[in-house]
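Let me begin by presenting the structure, written as structure tokens, before commenting on it.
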Amino acid sequence: MKHLLSAADLSADGAVEILDSAEQMHAIQTRQVKKLPALRGRTIVNLFFEDSTRTRSSFEIAGKWLSADVINVSAKGSSVSKGESLRDTALTVAALGVDAIVIRHASSGAAHRVTQWVGCHVVNAGDGTHEHPTQALLDAFTLRRRLGELAGRHVVIVGDLTHSRVARSNVLLLTTLGARVTLVAPPTLMPSAVDSWPCGAEWDFDAVLSGKAAGDVDALMMLRVQRERMSGGYFPTEREYAIGYGLSPARLDKLAEHAPVLHPGPMNRGLEISSAAADSARSVVLDQVSAGVAVRMAVLYHLLAGADTAPPAIEPVTEEVRP
Ligand code: CP
């Protein structure tokens with residue numbers, strides 16, 4: 001695999017291979033010396049045209065822990081603010097001699113366009129409302145750690161689905177891994193083409209939680225209401241949205257004992273998720289953040305070191321490669 005642009009790029013075996021490698025990478029997160037020599041001499045550019053906390057910092061940590069050189073370029077503070085185009089920016093970064101570009105952009109399809117202009121590896125770190133494949137991988141990693149194998153599990157994804165690249169990538173990856181997915185949203189926030197997606201679609205959150213609409217729930221993923229992408233009125237008031245679709249303490253109590261609560265972040269507390277749910281023992285939000293580093297290490301390793309290369313030793317390197 002040269003690029004990772006979509007969760008659809010991954011077969012079930014390919015996804016499991018990355019998730020298994022991520023388990024190895026996860027082991028070094030608890031070690032004192034968090035370095036592997038796997039990508040020594042490689043250079044990765046994080047090219048972020050949209051704000052990010054989790055994705056950008058975890059890609060940076062992932063590259064550094066694999067001993068790559070990592071450079072961050074963001075729209076603010078770069079020549080993008082002077083009007084440079086995406087194409088010219090991508091060509092400029094590639095001309096520096098980098099091995100991989102990790103790109104986040106507000107336009108759907110931006111990462112794919114970049115692959116048509118540059119020869120290096122490209123990873124989609126979120127393109128508009130289209131896809132966020134490494135988020136889906138880290139969600140699957142987190143779920144696998146909680147639930148074991150995902151085949152046959154029922155994952156419910158609730159919220160602003162119209163604007164969610166996380167939902168699309170999760171539907172693709174989770175179904176590839178054999179899970180069943182049900183989407184829940186008010187009709188105004190349900191993607192218009194959802195009938196062609198490989199999942200169920202419901203609007204009554206309480207009926208789904210009680211098992212009446214879609215059967216038992218093994219995991220619940222709450223999504224952010226993306227106010228910055230909304231130009232019109234998708235729901236009457238935030239209070240009404242929270243009443244209909246927020247994860248309140250009462251709804252949290254309806255979940256089966258074993259079912260974790262996920263949220264990709266950043267969270268709108270009090271809107272799509274109550275603080276009681278976000279901070280509950282059920283919440284795996286910070287596990288997702290932690291998984292982000294391991295999964296992104298695995299993705300960078302698979303792309304840059306090559307699928308045929310033996311997995312890296314997880315023993316941390318010693319003085320030899322320290323600066
Ligand atoms: N989940 C996610 O993509 O978060 P950031 O926008 O902080 O990267």
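The values are calculated or read from the model by the stated rules, or taken from the named source; none is laboratory data. The shown structure was predicted, so the numbers you read here are calculated from the model rather than taken from an experiment. Don't worry about glycine lacking a Cβ; one is built from the backbone with ideal geometry, like all the others, and counts go over all protein chains shown. Please note that ligands, DNA and RNA were not included when accessible areas were found on the heavy atoms of the full protein model with its side chains. Shrake-Rupley method; radii C 1.70, N 1.55, O 1.52, S 1.80 Å.
In region 264-297, which residues are of a type in the set (Gly, Ala, Ser), part of a loop (DSSP other than H, G, I, E, B) and in contact (Cβ under 8 Å) with a residue 24 or more places away in the chain?
Within region 264-297, the first condition is being of a type in the set (Gly, Ala, Ser), and the residues that meet it are 265, 270, 274-278, 280-281, 283, 290-292, 294.
Filter again for part of a loop (DSSP other than H, G, I, E, B), leaving 265, 270, 274, 280-281.
Selection gives GLY265, GLY270, SER274, SER280.
Checking LEU174 against (1) within 23 Å of THR142 (Cα to Cα); (2) in a loop (DSSP other than H, G, I, E, B); (3) among the hydrophobic types (A, V, I, L, M, F, W, C), which test does it fail?
In the conditions (1) within 23 Å of THR142 (Cα to Cα); (2) in a loop (DSSP other than H, G, I, E, B); (3) among the hydrophobic types (A, V, I, L, M, F, W, C), LEU174 misses (2) alone.
Answer yes if at least one residue in region 114-128 is surrounded by fewer than 20 Cβ atoms within 10 Å (Cβ to Cβ), of a type outside the set (A, V, I, L, M, F, W, C) and within 16 Å of the ligand (Cβ to nearest atom), and no otherwise.
Yes, region 114-128 contains at least one residue that is surrounded by fewer than 20 Cβ atoms within 10 Å (Cβ to Cβ), of a type outside the set (A, V, I, L, M, F, W, C) and within 16 Å of the ligand (Cβ to nearest atom).
Please work out if ALA151 is in contact (Cβ under 8 Å) with a residue 12 or more places away in the chain, more than 16 Å from the ligand (Cβ to nearest atom) and either open to solvent by 40 Å² or more (accessible area, probe 1.4 Å) or not β-branched (Val, Ile, Thr) (or both).
The answer is yes for ALA151.
One line per residue, one yes/no per condition, for (1) more than 17 Å from the chain's Cα centre (by Cα); (2) within 16 Å of the ligand (Cβ to nearest atom):
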site	(1), (2)
ILE18	no, no
GLN29	yes, no
LEU36	yes, no
LEU39	yes, no
ARG42	yes, no
SER52	no, yes
SER78	yes, no
ASP88	yes, no
HIS105	no, yes
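Taking region 59-107 as the region of interest, how many residues are at pLDDT 95 or above and on the phi > 0 side of the Ramachandran plot?
Qualifying residue count, region 59-107: 2.
Going by what's in this entry, would LEU223 be described as within 14 Å of the ligand (Cβ to nearest atom) and open to solvent by 60 Å² or more (accessible area, probe 1.4 Å)?
Details: within 14 Å of the ligand (Cβ to nearest atom): yes; open to solvent by 60 Å² or more (accessible area, probe 1.4 Å): no.
Answer is no for this residue.
When you scan region 192-259 for helices (runs of 4 or more DSSP H) that lie fully inside it, which ones turn up with 2 or more residues that are more than 30 Å from ASP51 (Cβ to Cβ) and at pLDDT 95 or above? Walk me through how you get there before you give the answer.
Working: elements: 205-209, 238-245, 249-254.
So the answer is 205-209, 249-254.
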